[in-house]
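Here the structure comes first, spelled out in structure tokens, and everything after it is commentary.
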Amino acid sequence: MSRHGRARRDSNSQPSNRSAKVGELVRRIVAGQLEGLDDDRLDMVSITGVTVDRDLFRAVVYFTSLENDSDDEVLEAFEEHAGHLRHEVGIQSRLRRAPELQFRPDETLRAAERIERLLRDSNDGPKET
């Protein structure tokens, strides 16, 4: 326990409730802004989640695209629009300081599809009797 009667948080522990709330808010704002951007590279992109560090200075925005081979183009488009998106996050969230936005493809769905394919292929293989 700290001197103020509260347990110290381990730096490796789960994100704080505030970080999670800010992450969800950033996700909603960025997803809403995507609809208004006139950029063909972002047409088939969805924001799947956002993680915000404890000090709320950085937010990692995870995205998925229906076109799996277009991650580089999507990242390029996000980098071009990052300033505008961060500005909108700052305005709409009313945070003292808008977090720096970093964009990364969400590999979760692709990994799940890969595992499902492997399982399906292993079940379709020759059966020994």
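Points to keep in mind about this one:
- Subset of the range 54-84 that is touching a residue at least 40 places away in the same chain (Cβ under 8 Å) and under 14 Å from the mean Cα position of the chain (by Cα) - its residue that is farthest from R96 (Cα to Cα): S65
- Search result, residues across the range 92-117 that are more than 17 Å from the chain's Cα centre (by Cα) and under 16 Å from L34 (Cα atoms): Q92
- Within the range 1-29, the residues that satisfy the criterion of being outside any helix (DSSP H, G or I) and modelled with pLDDT of 55 or more are P15, S16.
The values are calculated or read from the model by the stated rules, or taken from the named source; none is laboratory data. Here the structure is a predicted model, which is why all the values come from computation and not from measurement. Glycine also receives a Cβ, built like all others from the backbone with ideal geometry; neighbour counts cover every protein chain displayed.
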